[in-house]
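So the structure is just underneath, and the comments pick up after that.
The values are calculated or read from the model by the stated rules, or taken from the named source; none is laboratory data. All values reported here derive from a predicted model rather than from experimental measurement. FYI the Cβ positions are ideal-geometry reconstructions off the backbone, even for glycines, and counts take in every protein chain you see. What goes into the accessible areas is simple: the full protein's heavy atoms, side chains included, and nothing from ligands, DNA or RNA. Shrake-Rupley method; radii C 1.70, N 1.55, O 1.52, S 1.80 Å.
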Amino acid sequence: MNDALLVYLDNNATTPTDPRVVETMLPYFYDIPGNSASRNHPFGWKAEEAVDYARDQIAELLDVESKEIIFTSGATESDNLAIKGIFEMYSGKGNHIITTKTEHKAVLDSCKKVEKMGGQVTYLDVKYDGLVDLAELEAAITDKTILISIMWANNETGVIQPMKEIGEICKKHSVLFMSDATQAVGKIVTHPREVGVHLMAFTSHKMYGPKGVGALFVSRKNPRVKVTAQMDGGGHERGMRSGTLNVPGIVGFGKAAAIAREEMHKDASRLSVLRDRLEKAFFENLEEVYINGNVDHRMPHVTNISFKHVEGEGLMMTFNQNIAVSSGSACTSASLEPSYVLVALGLGDDLAHSSIRFSLGRFTTNEDIEYAIKAVTAGVNHMRDLSPIWEMYKEGVDLESVQWSEH
Ligand SMILES: *Cc1c(COP(=O)(O)O)cnc(C)c1O
């Protein structure tokens, strides 16, 4: 690393822990070392008090009851607990789950496990803008459907699903509604009860809290929902998730929720201005730039952009010593696969491979954005200068009609 700016625009992968959160956690490592399940001495009582307080802070952010918050190790575990736990708990009612092709792997792989256990899963397509088709969703419901699992906001594109409308469909057909809201909680208003969500997964480290702690909201009224524990042991968390609670982590998670409740609107309006500035600059500086996903229903701090005829991983290499972003390709064993989320939106391999996700956060500055605009613009120009495909495109060759040889 050189001494040039280091710019972090990968907040959807994880957010920095807010220093105010860190400060709140510190006493719980040494000064207050108790196990919150130790009922017979002040050390345990103090830890339990701290956990209760954090639970209240998180419940307040969600406008739910504290008892409806089940602590886990993160959103991956919460997704597993919700999907497998509902499948097991409601096996007498049915075995069918509906989800979408653009969910996080924690949801998709939990659904695959459910299929192995004898369940049936419908993976809905999404429209070109990333939104689910409500008519298609409703048509997929059968008398065996027990759960609909649809994420609140997508991690790659930031696209926000029509939660209220989906909630109404679930209510009409008496199907439970679960949402992986990891990318939305603490950034926009996410009140599960308001939109008819019965289970909601989220995690601390995507909202300026520490890593390794998350939660699952499980509705206790209208209807009262239960999930079968996936972790057996001491019967913590109302019997739904055993294991000693991560007290410092939970204290930090609570503080992060309290800060988010105070500051999310301020953060969102500041970041949407910076995000729009970034997009506008790319449109002004460069040709053949495309935004992926619905631009009107999307998180304020995220943009997923394809720079056509530029390979995203290569582009990233031109600036990744200084700027952290994510590309729309994933390394699987030997090859570079285009993102399954972008493929589900109907992007061709070329546009998917040429995409970059910029995710801004609470600590992103104007200076960061100006720096990113310069570096990414230079990178795209550099890559295109070297590219025979770009040259052909500029010469007006119809690239769709070119017969590429097999490799
Ligand atoms: C990050 C993420 C997860 C996984 O959360 P962890 O706490 O890292 O396990 C799940 N779903 C979505 C949408 C995410 O963005």
Give all pairs with beta carbons closer than 6 Å in which a residue from the range 361-373 that is under 18 Å from Thr14 (Cα atoms) and touching a residue at least 12 places away in the same chain (Cβ under 8 Å) meets a residue that is assigned to a loop (DSSP other than H, G, I, E, B) and of a type in the set (Val, Ile, Thr); count only pairs at least 6 apart in sequence or on separate chains. Gly361/Thr15
Of the residues in the range 198-249 that are of a type in the set (D, E, K, R) and in a loop (DSSP other than H, G, I, E, B), the one that is farthest from Lys113 (Cα to Cα) is Lys221
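List the strands (runs of 3 or more DSSP E) that sit entirely inside the range 259-360 and contain at least 3 residues that are under 28 Å from Pro16 (Cβ atoms) and touching a residue at least 12 places away in the same chain (Cβ under 8 Å).
Answer list for the range 259-360: 302-307, 355-359.
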Residue under question is Lys46, and the condition is that it be among the basic types (Lys, Arg) and away from the ligand (no atom under 16 Å from the Cβ); does it hold? yes
Mind listing just one residue for me: the one in the range 378-407 that is among the polar types (S, T, N, Q) and in the same structural domain as Ser327 (by TED's automatic domain parsing) and, of those, farthest from Arg275 (Cα to Cα)? Ser387
Among the residues of the range 80-94, are any among the aliphatic types (A, V, I, L, M) and touching a Gly at 6+ places or on another chain (Cβ under 8 Å)? no
Within the range 193-250, of all residues that are farther than 11 Å from Ile70 by Cα and hydroxyl-bearing (Ser, Thr, Tyr), the one most open to solvent (accessible area, probe 1.4 Å) is Thr244
In the range 118-165, the residues that are among the hydroxyl-bearing types (Ser, Thr, Tyr), open to solvent by 20 Å² or more (accessible area, probe 1.4 Å) and within 25 Å of Thr303 (Cβ to Cβ): Tyr128
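A quick yes/no check of all residues on (1) over 23 Å from the mean Cα position of the chain (by Cα); (2) of a type in the set (A, V, I, L, M, F, W, C):
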site	(1), (2)
Val289	yes, yes
Leu315	yes, yes
Thr318	yes, no
Ser327	no, no
Ser335	yes, no
Ala344	no, yes
Leu351	no, yes
Ser354	no, no
Ile369	no, yes
Starting from the range 64-87, keep only residues that are touching a residue at least 24 places away in the same chain (Cβ under 8 Å), then list their pairs with residues that are within 12 Å of the ligand (Cβ to nearest atom) and of a type in the set (Val, Ile, Thr) whose Cβ atoms are within a distance under 6 Å, requiring at least 6 positions of separation or different chains. Gly74/Thr203; Ala75/Thr182; Ala75/Thr203; Ser78/Thr72; Asp79/Val107
If you scan the range 294-313, which residues turn out to be of a type outside the set (D, E, K, R) and surrounded by fewer than 18 Cβ atoms within 10 Å (Cβ to Cβ)? Val295, His297
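Table: residues versus (1) under 30 Å from Leu345 (Cβ atoms); (2) surrounded by fewer than 24 Cβ atoms within 10 Å (Cβ to Cβ).
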site	(1), (2)
Ser66	no, yes
Phe71	no, no
Lys84	yes, yes
Tyr90	no, yes
Lys93	no, yes
Lys101	yes, yes
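For every residue, the table says whether it meets (1) of a type in the set (Gly, Ala, Ser); (2) closer than 22 Å to Gly186 by Cα; (3) surrounded by 15 or more Cβ atoms within 10 Å (Cβ to Cβ).
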position	(1), (2), (3)
Asn11	no, yes, yes
Asp18	no, yes, yes
Tyr28	no, no, yes
Ala37	yes, no, yes
Asp56	no, yes, yes
Leu61	no, yes, yes
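I want to confirm something. Restricting to the range 274-293 and keeping residues that are open to solvent by 40 Å² or more (accessible area, probe 1.4 Å) and among the basic types (Lys, Arg), which single residue is farthest from Asp349 (Cα to Cα)?
Step by step, filter the range 274-293, then rank; the result is Arg277.
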Tell me whether the range 358-377 contains one or more residues that are closer than 25 Å to Val132 by Cβ, open to solvent by less than 20 Å² (accessible area, probe 1.4 Å) and not assigned by TED's automatic domain parsing to the domain that holds Asp125. yes
